[in-house]
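Laboratory data are not the source of any read-out in this text; all were calculated from the coordinates shown. From a predicted model like this one, the values you see are computed outputs, not experimental measurements. Reconstructed Cβ throughout: ideal geometry from the backbone, glycine too, with neighbour counts over all protein chains shown.
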Amino acid sequence: MCGIIGYAGDKPVAPILVKGLSRLEYRGYDSCGFLTVNEKGFHSKKWVGKISNVADKITSSDLPGSIGMAHTRWATHGGVTEANAHPHFDCKNNIAVVHNGIISNYLELKKNLQARGHIFKSETDTEVFAHLLEENYNGNLENAVMEALKSVKGTYAFLAAARNENKLVCARKESPAMLGISNHGIFIGSDISSFLEFTNRAVPLDDGEICVIEKDNYKILDSKTGAEKIKNEIIIDWKPESVEKSGYDHFMLKEICEQPTTIKIAKGIYANEIKTLAGMINDHDTVYLLATGSSMYAAMIAEYWFAEIAHKRVQTIDSSEFSQKGIVNGSTLAIAITQSGETYDTLSAVRFAKEKGARIASIVNTVGSTATRESEINIMLGAGFESAVCATKTFTSQLMVLLRLAIESAKLKNKDVSMLENEIEKIPAVTKEIIDQRETIKQIVENNFTVKNYLYIGRGLNFPTAMEGALKMKEVSYLHAEGMAAGFLKHGTISLIDKEMYTVAFIPKDDRKILSNIEEIKARGGKIIAIAAGGTSHAPVVINVPAVDDLVSPIPFTIASQLIGYYAAVKLGNDVDRPRALAKSVTVE
Ligand code: GLU
């Protein structure tokens, strides 16, 4: 789940690595490390903590040369210490390695390597690879990588350097890696944001490939046979400004405020693919929506949309549970929903479904990501780069695309959906109206979100809206928040209601059954904060959102709860864009 950046070219590498790693910090940020290689050999620096805290200590005199690599870690094996930060070295410091992923057989490999005399300096799984390279190195790094990979099990994007060679070698299996091609050198990064300021030409690497990166050229080889592969470049249309805060205090706020535009884009994008995929959905008896985290809540809302609008049953499964729960065969359609297109659990679910004969589609934000290459049909969200760890604009773009799919599916069955089509036209303006009241929402949060425990409740399609609202609160404020179906409350959780437990309730315009649940809470001394479409007099604290049709209410409700989570975290002084323990794209199991 870490970020990796490497460069070989004609420019000083240190500033490029600092820039690239800063862009990748959303992926992992417990420690960071750098390595450059020139005629004097290796130069390396490592720190515990965020790259932003050490960026000004990194200079070209400490890290000279124009070939190098850097890593921001999200620890899986071994504590957060300088010794465990990457790069890791072999016994003689001739070979250096950075790694994203988990070497699942590292204990066995380590025991064998130690028995053969290797001395380990870290507790990581990664270090075994440096020692394996040492054993297989005969002056050619890519050959050593190919040999060493034969004994490695698990997931990886490795980047390796040898003291006596002017090159980097990358190998990947189930962890992301992407080449960036420019006239001044070749980049290799965990994703395009790492090199977007330098080039928009990219070549995604696939599983089972290794890549040799030199100053003026690169070559991609099959990791088993060594045969060279020719792959096409893709052009990325994200603007470099999309990775800047542009005057906002945090990326999270910037990305919340971008939603009138990103929702508008999602409202019009990929019309043909949406028609095709809607047809495929109608033609398959079993349709799974595979997703986890916020994307899973978007999928759960979509389940209601398909049922209500298109009378079609689709089933959401948490992708980390799919191989236990999914019944898959040749008549299954599996639709992966993943912002990054690299979410490990979702990719595993996709591969599992594919093996059993399912057809695969994806709804993804990141161009060229692995999910897009695993799928027969892709719908891209077009939301631009999302930097904050917490998903905001990509969540509402997922909702918009899923809603359009449900509408298309209904149209193909000759159902009248004109009311909904009119309704979604209003959503960008509705979104702007809520964002324009953000100072009011900030005041409401400052004055009312004063306890440590919250329930978020909704009914029907706002049950998953409530879970997403609670997740936003947990992720960035570290306050306890639990989302649930309002009707479920009386089956247990209501016993928690007291003066120290506040409830955020989502009240749609027409179906107001939730009001009786609100009364039940009030009767037990619980405080209600309502987010109400068109207002309400049933709560002491109310955030008004425009009175849209109930079916589209998850979008405005979500915007309001994003702002609640954001301002609650700001009030507590938390690092909103880089919340503790989280990483944006979860690329480990
Ligand atoms: N498993 C490696 C470690 O714990 C890499 C983790 C990562 O992807 O950041 O150091």
Open item on the list: Give the separation of the Cα centroids, the range 32-62 to the range 390-459, in Å.
Closed with: 44 Å
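Enter the per residue convex hull volume of the range 168-299, computed from alpha-carbon coordinates, in Å³ rounded to the nearest integer.
On the way: hull volume 23.9 nm³, N = 132.
Once divided by residue count, the hull of the range 168-299 is 181 Å³.
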Task: Candidate lysines - alpha carbon under 19 Å from K426, same-chain residues fewer than 8 apart omitted - done: K264, K267, K393, K509
TODO: Working from Cα positions, state the angle (0 to 90°, nearest 10) between the long axis of helix 127-136 and the longest principal axis of the chain.
DONE: 30 degrees
Task: Distance in nm between pseudo-label sites at H184 and N217 (7 Å out along the Cβ direction from Cα) - done: 2.3 nm
TODO: Evaluate E = 1/(1 + (r/R0)^6) for D416 and A307, where r is the Cβ-Cβ distance and R0 equals 22 Å; express this FRET efficiency to the nearest 0.05.
DONE: 0.85
TODO: Excluding residues fewer than 8 places away in the same chain, name every one of the lysines whose C-alpha is closer than 28 Å to that of K121.
DONE: K40, K45, K46, K50, K57, K92, K110, K111, K150, K153, K167, K173
Task: Helix 294-310 vs. the chain, principal-axis angle (Cα, 0 to 90°, nearest 10) - done: 40 degrees
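Work the Kirkwood hydrodynamic radius out for the range 1-123: mean of 1/r over every pair of different alpha-carbon atoms, inverted, in Å.
Kirkwood radius, the range 1-123: 14.8 Å.
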Open item on the list: Counting only other residues whose beta carbon sits under 13 Å from that of I119, what net charge do I get with K and R as +1, D and E as -1?
Closed with: +1
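Show me the ranking of peptides 149-160, 466-477, 411-422 by mean Cβ neighbours inside 10 Å, starting with the highest. List each step's numbers first, then the result.
Details: 149-160: 21.3, 466-477: 25.6, 411-422: 12.7.
For the peptides 149-160, 466-477, 411-422, the packing ranking is 466-477, 149-160, 411-422.
Find how much the distance from S323 to D62 grows on full extension, using 0.36 nm per residue of separation minus their present alpha carbon separation; answer in nm with one decimal.
On the way: separation 261, 0.36 × 261 = 93.96 nm, distance 4.84 nm.
Computed gain between S323 and D62 is 89.1 nm.
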Open item on the list: Can you work out the Karplus-derived ³J(HN,Hα) for every residue in the range 440-456? Use 6.51 cos²θ - 1.76 cosθ + 1.60 with θ = phi - 60°, whole Hz, and x for glycine or proline.
Closed with: 5, 5, 4, 4, 4, 5, 4, 8, 10, 8, 10, 10, 9, 10, 9, 10, 10
- [ ] Could you give the size of the charge dipole of the chain about its Cα centre, using +1 on the Cβ of each K and R and -1 on the Cβ of each D and E, expressed in debye and rounded to the nearest 20?
- [x] 500 debye
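Within a Cβ distance under 14 Å of K490, other residues only, what is the Lys/Arg minus Asp/Glu net charge?
Working: positive: R459, K513, K522, R524; negative: E519, E520.
My count for the surroundings of K490 gives +2.
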Open item on the list: With viscosity set to 0.692 mPa s at 37 °C, what whole-number translational diffusion coefficient in µm²/s follows for the chain from Stokes-Einstein and a Kirkwood radius over Cα pairs?
Closed with: 132 µm²/s
Task: Acute angle (nearest 10 degrees) that the helix 106-115 long axis makes with the longest principal axis of the chain, alpha-carbon atoms - done: 20 degrees
